[in-house]
Amino acid sequence: MKRPHPTDVESEDEALEILPGTEEPDWLSEPEPHLKELEVLFMKALELREKGKIEGAQKTFKEILHREPRLAEPRLELACMLLEANQLDEAESEARESLRILDAGGQWTLDIAEHELKAHACLVLGEVLRRRLEEDEAIFGDAETYRKLADEARGLYARAAELNPEDAEASFMKFTMGPPRA
C-alpha cells in the first residue's frame, strides 16, 4: 500500500497510518528534484578542481551552496580548496558548517560512508585550526585562546581517528598533536 505525503492527510487516523512502519513512501526515497541538477554541478566542480581550474571549481561549489545551503559535501570541498589557498577564515567557516550539517544527519551523497565523511570533515577543520596556531596572532596572542584552539584541533583529530581508524592521516595527526587537555 502506498502511503500519502504528510500534507495530503485529512484526519488524525490517516496521519497515524503514515508513521514509520512497514514500507517507505515514494516521497522519502526520491531525492528532491533540484538535487539532481546540483549533483551534475557537483561532479562538474570536482572535475574542474581535478583539472586545476580552481576559480571555476570554487565558483561552481558556491553556486551549488547558493541554491541549496543544506549540502555538506560541496561546502567541505570548498573548505578544502580554501585551506589549500591558505584562506583560513573562510575555510574554517565552511568546514564548521559542513561538520554541523553532517552531525545533524545531513549527508547528501551516498558514495562515501557517513563515518568516513565526518572523519574527513573533522580532519579538515582540525587542519585549519592547526594552521591558525602557526599564525603570529595565535603565537603572540592570549595564551588561553591558544590553548583552546590547540585543544579543539586535538579533539577534532582524535574524533577523526575514532570515526575512521583506517585513516592514516587522522591517526598521525592525533599522535602528533597529542591528547586534548583534561
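Quick notes
- Unit charges at the beta carbon, dipole of region 31-177: most positive-side option, 119, 145, 48: 48
- Highest mean packing comes first when the peptides 143-153, 104-114 are listed by Cβ atoms within 10 Å, giving 143-153, 104-114.
- Region 119-138 and region 36-106 have Cα centres separated by 18 Å.
- Cross-link partners of residue 148 among lysines (Cα-Cα below 21 Å; sequence separation of 8 or more within a chain): 174
- Lysines whose Cα lies under 22 Å from that of residue 36, excluding same-chain neighbours fewer than 8 positions away: 44, 59, 62
- Computed from backbone phi with θ = phi - 60° and the Karplus coefficients 6.51, -1.76 and 1.60, the 3J(HN,Hα) list for region 120-127 is 5, 4, 5, 5, 5, 5, x, 5 Hz; x is used for glycine and proline.
- Note on residue 172 and residue 112: the model spin-label points, each 7 Å out from Cα along the C-beta direction, lie 1.7 nm apart.
Throughout, read-outs are computed from the coordinates displayed, never taken from laboratory work. As the structure is a prediction and not an experimental result, all values here were calculated from the model. A quick note on method: Cβ atoms are made from the backbone with ideal geometry, for glycine too, and the neighbour counts reach across all protein chains shown.
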